[in-house]
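In what follows, a single structure is set out as structure tokens and then discussed.
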Amino acid sequence: MKSIAVVGAGIVGICSAYFLKKSGFRVTLIDREDPGTMTSFGHACSFADYANVPVNYPGLIWDVPKMLLKKDGPLAVDFFYILKNIPWALSFLKNCKKEKVDEIASSLTNLLKHSQISYDEIFKEVNVQEYISYEENLYLFDTRKSLENYEYANVIRKNNRVKVRNLNKEEVKELEPNIADVYYAGQLFIGSRHTTNPLAISTKIFEKFIELGGVYIKQNVTNLIQKENSIELSLGNTKINFDKIIVSAGAWSNKIANMIGDKFPLDTERGYHILFETNEKLINRPVAWSESGFYLIQIHDGIRAAGTVEIAGLNKSPNSKRISMIERQSRKVLPQLGNVKSTWMGRRPTLPDSLPIIGKSNNNNNIIYAFGHQHIGWTLGAVTGKIINSLSQDHIPNIDISAYSPSRF
């Protein structure tokens with residue numbers, strides 16, 4: 001059987017390696033960091049199969065100034081960074097037209113509707129039930145106006161048969177009595193679930209991959225050379241030949257794509273989380289706060305407040321103002337929160353149309369891309385892994401993946 005290197009050990013890479021190994025490939029998973037410890041570690045913990053509403057939306061261009069002026073808003077932008085990347089910003093805004101947003105939402109739904117069953121295929125063999133909760137996710141609106149402004153998202157979900165239940169204030173209070181009286185109404189995402197320990201799930205799937213005979217190399221890929229019948233990866237001072245390469249390195253994927261002449265408009269949405277101490281059960285489910293764009297989740301070691309969007313690239317240091325804002329707003333929503341245990345920043349790989357790249361390179365049929373999942377990489381890890389497994393066998397996936405083609409750019 002052919003040898004395959006999976007470059008990038010986030011949830012997408014781990015799931016891809018797992019399915020490939022199950023199919024009999026000789027699989028080597030490669031990352032400079034420990035598996036599951038980067039962006040796949042610090043997110044909002046939701047298997048968000050309802051998240052078919054793209055970041056792009058009609059009228060965004062008019063809302064951006066208000067969002068930026070809002071002290072505790074969900075968006076922060078480094079203007080100097082944007083000035084250096086105007087083509088990406090313009091491409092993003094072009095994808096905010098209504099007809100394009102509807103098209104993107106339909107394409108996301110196409111992937112998301114397979115996300116849960118794909119994970120369950122793994123979970124039949126990898127026991128992670130202790131790390132999964134079936135309490136459905138709750139979205140809180142701070143004012144009547146914010147609820148009304150969210151109507152476009154409601155229409156998108158309804159058109160794509162995503163089930164949502166509207167809740168009045170009393171119904172929210174019944175579900176989450178410890179939340180402060182700062183909200184107007186809420187929504188419940190029917191059938192959603194979340195994890196209380198994302199790293200444990202990543203680790204369990206990775207350990208099964210190793211148990212099946214997979215290999216892990218903790219190294220940085222420094223070069224990639226295409227040969228007649230193989231692909232040579234340089235890992236430090238070591239060179240190894242593989243029949244196929246899967247590029248699932250998240251926000252760093254473009255660096256590897258560039259090595260073979262592929263270039264994609266990949267950028268980074270920086271997200272943050274704060275972990276608070278708590279000695280008691282304060283909330284039952286992920287609770288999203290619309291005013292500031294983050295979720296509160298009770299996990300194994302405290303309460304995590306995770307989310308927001310900052311456009312500032314890969315290399316800039318964490319923004320302390322973002323962290324302070326999340327802490328301030330978290331305590332507003334849940335005043336019982338304890339001391340801050342830790343803070344974190346991650347980098348979501350994002351393309352201007354809010355869709356991932358999943359497919360074979362135009363320059364080499366044996367290089368397959370799987371990155372750019374923006375806010376829903378955790379949700380789409382397993383289904384992407386199944387698609388990668390099909391493509392690696394030169395099979396046509398049972399999901400239409402034309403919308404995610406690398407050639408669209």
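The values are calculated or read from the model by the stated rules, or taken from the named source; none is laboratory data. All values derive from a computational prediction rather than experimental measurement. In this analysis, Cβ positions are derived from the backbone assuming ideal geometry, glycine residues included, and neighbour counts consider all displayed protein chains. We work out accessible area using only protein heavy atoms, side chains counted, and drop any ligands, DNA or RNA first. Shrake-Rupley method; radii C 1.70, N 1.55, O 1.52, S 1.80 Å.
What the table below lists for this structure:
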{"item": "Only one of Ser361, Ser354 that is buried (at least 19 other Cβ atoms within 10 Å of the Cβ), within 24 Å of Leu140 (Cβ to Cβ), in contact (Cβ under 8 Å) with a residue 12 or more places away in the chain and among the hydroxyl-bearing types (Ser, Thr, Tyr)", "result": "Ser354"}
{"item": "Qualifying position, being out of contact with any Pro (no Cβ under 8 Å at 6 or more places or on another chain), in contact (Cβ under 8 Å) with a residue 24 or more places away in the chain and open to solvent by 60 Å² or more (accessible area, probe 1.4 Å), among Gln226, Gln298", "result": "Gln226"}
{"item": "From Gly313, Gly346, residue being open to solvent by less than 10 Å² (accessible area, probe 1.4 Å), assigned to a loop (DSSP other than H, G, I, E, B) and in contact with a Phe, Trp or Tyr (Cβ under 9 Å, 6 or more places away or on another chain)", "result": "Gly313"}
{"item": "Some residue of segment 81-94 being free of Cβ contacts under 8 Å to residues at least 60 places away in the same chain and open to solvent by less than 20 Å² (accessible area, probe 1.4 Å)", "result": "no"}
{"item": "Subset of segment 350-389 [small (Gly, Ala, Ser), assigned to a loop (DSSP other than H, G, I, E, B) and under 24 Å from Leu199 (Cα atoms)]", "result": "Gly372"}
{"item": "Residue in segment 384-401 that is over 19 Å from the mean Cα position of the chain (by Cα), within 18 Å of Asn52 (Cβ to Cβ), open to solvent by 10 Å² or more (accessible area, probe 1.4 Å) and hydroxyl-bearing (Ser, Thr, Tyr) present", "result": "no"}
{"item": "In segment 123-151, the residues that are out of contact with any Phe, Trp or Tyr (no Cβ under 6 Å at 6 or more places or on another chain), surrounded by 14 or more Cβ atoms within 10 Å (Cβ to Cβ) and not in a loop (DSSP other than H, G, I, E, B)", "result": "Phe123, Tyr131, Ile132, Ser133, Leu138, Tyr139, Ser146, Asn149"}
{"item": "Selected residue (criterion: least open to solvent (accessible area, probe 1.4 Å)) from residues of segment 208-223 that are in a strand (DSSP E or B) and more than 15 Å from Ile4 (Cβ to Cβ)", "result": "Asn223"}
{"item": "Within segment 268-295, tally of residues that are part of a strand (DSSP E or B) and either open to solvent by 10 Å² or more (accessible area, probe 1.4 Å) or not acidic (Asp, Glu) (or both)", "result": "13"}
{"item": "Qualifying residue in segment 52-59 (condition: surrounded by 22 or more Cβ atoms within 10 Å (Cβ to Cβ), among the polar types (S, T, N, Q) and modelled with pLDDT of 95 or more)", "result": "yes"}
{"item": "Conditions (1) touching a strand residue (DSSP E or B) at 6+ places or on another chain (Cβ under 9 Å); (2) closer than 21 Å to Arg285 by Cα; (3) without any contact (Cβ under 8 Å) to a residue 12 or more places away in the chain: number failed by Gln129", "result": "(1)"}
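Per-residue answers, yes or no, for (1) buried (at least 20 other Cβ atoms within 10 Å of the Cβ); (2) on the phi > 0 side of the Ramachandran plot; (3) among the hydrophobic types (A, V, I, L, M, F, W, C):
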| residue | (1), (2), (3) |
| --- | --- |
| Asn159 | no, no, no |
| Lys163 | no, no, no |
| Asn168 | no, no, no |
| Asp181 | no, no, no |
| Gly186 | yes, no, no |
| Gly191 | no, yes, no |
| Thr195 | yes, no, no |
